[in-house]
Each structure stands twice: as C-alpha cells, then as structure tokens.
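Student: My questions all concern the structure below.
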Amino acid sequence: MIDLLSFEEALEKFDPALGLEVHVELNTASKMFCGCPTEFGAEPNTQVCPTCLGLPGAMPVVNRVAVESAMRIGLALNCEIAEWCRFARKNYFYPDMPKNFQTSQYDEPIAFEGYLDVDVDGESFRIEIERAHMEEDTGKSLHVGGATGRIHGSDYSLVDYNRAGIPLIEIVTKPIKGTRDQAPEIAKAYVAQLRELIVALGVSDARMDQGSIRADVNLSLSPAGDGALGTRTETKNVNSLRSVERAVRYEMRRHAAILDGGGSILQETRHWHEDTGITTSGREKSDAEDYRYFPEPDLVPVAPSREWVEELRGTLPEPPRVRRSRLQADWGFSDLEMRDTVGAGALGLVEETVASGASPQAARKWWLSEMARRANDAGVEITDLGVTPAQVAEVQRLVDAGSLNDKLARQVFDGLLAGEGTPGEIVAARDLAIVSDDVALGAAVDNAIAANPDVADKIRDGKVAAAGALIGAVMKEMRGQADAGRVRELILEKLS
Ligand SMILES: [Zn+2]
C-alpha cells in the first residue's frame, strides 16, 4: 500500500486536470434497437429477443424516442446537433455483450461542442463538453462463489441480458483544468448538476444507486504551473456523488505520491471501493486501443432535420441555474441557505415539500438537518432515503397545528423509515400527539410546583423567567408531549 501525499502537499507540487465521462441510461419504454421492454429488476433474461441477443440475421431498428432524448440532452448542454451521423461497431469480446460488438457512435456523435456552467460555492465554473453520443448498454455478469464477487476465485458465472441493448447516452467533457483545490468539489458538482438537468429533462430515472447514471472519473496531474496534461487514470463506475468527490481526492493524492517519488503513472482503469475509499488497479489502457470501429452497416444514418432540432429546443426545461435563482427569490433563502440546499442535493426535495404545503424554511430545516443526517448515517443519497416530500410536509402540518413538536416529529420520521404507515397513523400508533388538555396538564403542573417550591416562590415574586424550570419538569413527566405554551400559561395562572 502506497503512502499518499497530503491533499495540500499534492496541490503545492502539482496541478490536477479532470475528465468526466457520464453514462445516462434513458428511460425509454423499449430498448435502443429492438422492442424489448426496459423495466429495472425483471427476472433475468426475460426481456430479450434475437436482436439484443445478437442472433444471426436479426436486424436492428433505431428507437426514435432515444434519438430525441439524446438530442434534448445535447441541446440542454449547449451542444451542436449533427446534421448527419452514423452508428459504429465497437468490436471487443465480453461475455455480457452477446453481439461481440457494441453499437455505439465513434467519430460522428449526435451532439458535440457544448458546455455546462456549474455552481460551486456560489461561483460559476464552465465545464466544456466534447461530445454526447448514443450507444447501448451491456448485460450484467454475476460471479458466484468467490469472496469478492469478482470473477477471480468464483465457482461459476451467470449472465443476465435484460440490460443488453438499453439506450445509453455517454457525455464526455474536455479536459477540465484550473480547478486547483476545488477539483473534488467541481467533479461532484458537475455530476450533481448534470443529474439535475437530466431529471428536469425527464429522460432518465437518474438513479445513481441503480446505475442509471454512472460516472467514470479521469484524473491526471502535471507539475504546478507546467500547463501540459499528465498521464491519466480512469476510475470506473463511481456510483454516488460523494464517491465522485472522494475518488478525485484519493487519486490526486495517489498520483502525487508516485510522481513525487520519481515514479510514473500507469495509464489504466481503476476500481473504486466505496467501503475503504481507495482505488485499485483495473486494466491497462492505451489511447490507441484497437476496437476496429467501422460504420454499422445494418442501420441507416441519423440525419435530423433542423425543424426537428428546433422543435426539440422548444421542449427544453428551464435551465437549472435559472431555476435555482427563481427558487431562491421565491423562497427568500440567503445565498448560504441556497448553497447548502443545492450542496446537499435537496433542491428538488425542498421544492416538492413546499409544493405539498410546507413553508420553505420548514422544508429546508427538515431536509438539511434531520434527513441529511439520517441519509449520511445510512450511507445513501438523500433522495434515496425513503421519506417523501409529501410526508415531510404532512409532519410539518402536524407541527404547525400544534399536534407535534420537533422532538416528537423526529419519532414520526423513525416510524416512516420503519414503514409504519402515514404520519397520522404513526402518531396514533406510537401515541405521540401533544397533550393540551387542561386536566392532564394541570395535574402535571401541580406536581412540578410541589416538587420545586423555591422555584414557585420566585415566580410568585414576579420572576417569570423562572417558569422555564417548571415547564422542563412538566415536559419530563409527560415524556416531551406537553403543549409547552399551554403549560406556561397554567403555571403563571396558578402562581399569580
Ligand atoms: Zn431485444
């Protein structure tokens, strides 16, 4: 195991350059070149046909909706849309790719020369897009037996071709330079804001945990101030936003340690290990890998008319940056509040919670404190926690109505995560509702006064601030479920 350089030392000596390749699995009803369904999680090998299994004589046909989605992604990324382009065969053998070639695009991508402006710590950073091209996904191998789930040491392997032929868009950036110490954050912000854009376009489920968005992170270092590009490594399939940031940071420190010790970087793919936060060597990869690309002879070229392109441009959603400014103004959030909300990946969640009736501040409070903490504890993205914006709004409605306080609301969230039903059902089943009935409260207040005669005397002498101690005693007796405002009124009435 290599001794890493510290992040600070790595930056003193070297400049990072990033390159990000993001695969987006489209949510079309059928596959890229056949009519097979695309539903996630179906029984293995039930969504296949001669075309996606690559049987002899099968003829592919391009999915029109997939082409439209590709063009809309390209347009949203400020790309040019090709007037004429073809698919190409990328030839290599892999067991989960039954045709022994992948139908992709090579030197004629559908979209090229674009950019995405991402916000990082309140500042905008432009990421240039080299290309967005169409291709198909592979199947999935499952290695059974070994300890690691990898082919090495396994007893046998199974292949599921349901995913083979699902449409993918690969979005490739140009080398991203000048990021310096922000490289990890910028990489994460790019993937997060690209994902936000994909969600707004409605072209993909955009679930990183299910692999419908997958990021490959390229990184190289060059001597500080040198300006040239160093040898890069490509860390594959980094499947959460947090991991994107961690993988960049780790590779920067690893490259720096090797270069600083006089070594050279091996151009290779790397595997990211979520649990240990490190990368390990994959396979060597040269720039001139020979995939023997050639134009796909079974598919006609894609030549979208300019009218079609303009029609699709008219369907683009509000750009994410414009949306963020609009929401910030609507909600009255400070720059810091907005930055934290975006940084937590909670913008859409807060928006939906507000749409379900909560105030913006209440929505922000729950998502950024309680939900962010729980997601972090569970090691999942906040969007995958399993609590919906409508549920958060409902809990807040109960707080506003005086039926719950924040402390009790947290117990309702425990119940929601445990699948115990709706907020109302959980309040009833766990007996969480606040008690505001004077008979029950009055008895507890009497007990508190009897147990704290000195405090009671102070209040009788006009030191109203001392009431806090008695309210605390009542709360304790009533397991936090007393209506604090009413308790205070009763104490002051009894002691006046
Ligand atoms: Zn098929």
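Student: Look at region 386-410 and say how many of its residues are surrounded by fewer than 16 Cβ atoms within 10 Å (Cβ to Cβ) and more than 25 Å from the chain's Cα centre (by Cα).
Tutor: 5
Student: So which of 355, 346, 329 is open to solvent by less than 40 Å² (accessible area, probe 1.4 Å) and outside the structural domain of residue 202 (by TED's automatic domain parsing)?
Tutor: 346
Student: Of the residues that sit in region 128-153 and are touching a Ser or Thr at 6+ places or on another chain (Cβ under 9 Å) and under 16 Å from residue 94 (Cβ atoms), which one is nearest to the ligand (Cβ to nearest atom)?
Tutor: So, considering only residues that are touching a Ser or Thr at 6+ places or on another chain (Cβ under 9 Å) and under 16 Å from residue 94 (Cβ atoms), the one nearest to the ligand (Cβ to nearest atom) is 136.
Student: Name the pairs whose Cβ atoms lie under 9 Å apart, with the first residue in region 87-103 and open to solvent by less than 30 Å² (accessible area, probe 1.4 Å), the second aliphatic (A, V, I, L, M) and in a loop (DSSP other than H, G, I, E, B), and 6 or more positions between them or separate chains?
Tutor: Between residues of region 87-103 that are open to solvent by less than 30 Å² (accessible area, probe 1.4 Å) and residues that are aliphatic (A, V, I, L, M) and in a loop (DSSP other than H, G, I, E, B), the close pairs are 87/62; 87/299; 96/164; 97/164; 103/32; 103/299.
Student: While we're looking at this one, here's another question. Look through 68, 80, 123 and report the one residue that is out of contact with any Lys or Arg (no Cβ under 9 Å at 6 or more places or on another chain) and modelled with pLDDT under 95.
Tutor: 123
Student: Does region 55-63 contain any residue that is among the small types (Gly, Ala, Ser), at pLDDT below 95 and under 28 Å from the mean Cα position of the chain (by Cα)?
Tutor: no
Student: Please verify whether residue 148 is within 23 Å of the chain's Cα centre (by Cα), farther than 30 Å from residue 320 by Cα and not in a strand (DSSP E or B), treating the condition exactly as stated.
Tutor: No; evaluated as a whole, the condition is false for this residue.
Student: If you check residue 360 against the conditions, is it surrounded by 17 or more Cβ atoms within 10 Å (Cβ to Cβ), modelled with pLDDT under 90 and more than 30 Å from residue 84 (Cβ to Cβ)?
Tutor: So residue 360 does not fit the description; no.
Student: Now, a different point. Is it the case that region 37-46 has a residue that's loosely packed, with under 14 Cβ neighbours inside 10 Å, assigned by TED's automatic domain parsing to the domain that holds residue 254, away from the ligand (no atom under 16 Å from the Cβ) and not in a strand (DSSP E or B)?
Tutor: For region 37-46, residues loosely packed, with under 14 Cβ neighbours inside 10 Å, assigned by TED's automatic domain parsing to the domain that holds residue 254, away from the ligand (no atom under 16 Å from the Cβ) and not in a strand (DSSP E or B): present.
Student: Additional query: Pull out all pairs, ordered by first then second residue, where Cβ-Cβ is under 6 Å, the residues are six or more apart or on different chains, the first lies in region 408-422 and is free of Cβ contacts under 8 Å to residues at least 24 places away in the same chain and closer than 13 Å to residue 386 by Cα, and the second is in a helix (DSSP H, G or I) and not hydroxyl-bearing (Ser, Thr, Tyr).
Tutor: Here the result reads 415/426; 420/426, each pair linking region 408-422 to a residue that is in a helix (DSSP H, G or I) and not hydroxyl-bearing (Ser, Thr, Tyr).
Student: Tell me yes or no: at least one residue of region 26-36 is more than 16 Å from the ligand (Cβ to nearest atom) and not β-branched (Val, Ile, Thr).
Tutor: Within region 26-36, one or more residues are more than 16 Å from the ligand (Cβ to nearest atom) and not β-branched (Val, Ile, Thr).
Student: Can you tell me which residue among 425, 420 is surrounded by fewer than 16 Cβ atoms within 10 Å (Cβ to Cβ) and in a helix (DSSP H, G or I)?
Tutor: 425
Student: Restricting the search to region 47-86, which residues are open to solvent by 70 Å² or more (accessible area, probe 1.4 Å) and either assigned to a strand (DSSP E or B) or within 11 Å of the ligand (Cβ to nearest atom) (or both)?
Tutor: 50, 55, 61, 80
Student: Here is a further query. For region 121-135, name all the residues that are open to solvent by less than 60 Å² (accessible area, probe 1.4 Å) and within 18 Å of residue 175 (Cα to Cα).
Tutor: 125, 127, 129, 131, 132, 133
Student: Collect the residues in region 332-343 that are surrounded by 14 or more Cβ atoms within 10 Å (Cβ to Cβ) and of a type outside the set (Asp, Glu), keeping them in residue-number order.
Tutor: 333, 338, 339, 341, 342, 343, listed by residue number.
Student: Quick check on residue 233: is it modelled with pLDDT of 95 or more and of a type in the set (S, T, N, Q)?
Tutor: yes
Student: Using the structure shown, decide if residue 21 is modelled with pLDDT of 95 or more, charged (D, E, K, R) and surrounded by fewer than 18 Cβ atoms within 10 Å (Cβ to Cβ).
Tutor: Yes.
Student: Filter region 243-288 for residues that are part of a strand (DSSP E or B) and not hydroxyl-bearing (Ser, Thr, Tyr) and give the result.
Tutor: 268, 270, 271, 272, 273, 278, 282, 283, 284
The values are calculated or read from the model by the stated rules, or taken from the named source; none is laboratory data. Because the structure is a prediction, the values reported are computed rather than measured. Because the Cβ atoms are built from the backbone with ideal geometry, glycine has one as well, and the counts that use them run over all protein chains shown. Each accessible area value is taken on the protein alone, full model and side chains, heavy atoms only, with ligands, DNA and RNA left out. Shrake-Rupley method; radii C 1.70, N 1.55, O 1.52, S 1.80 Å.
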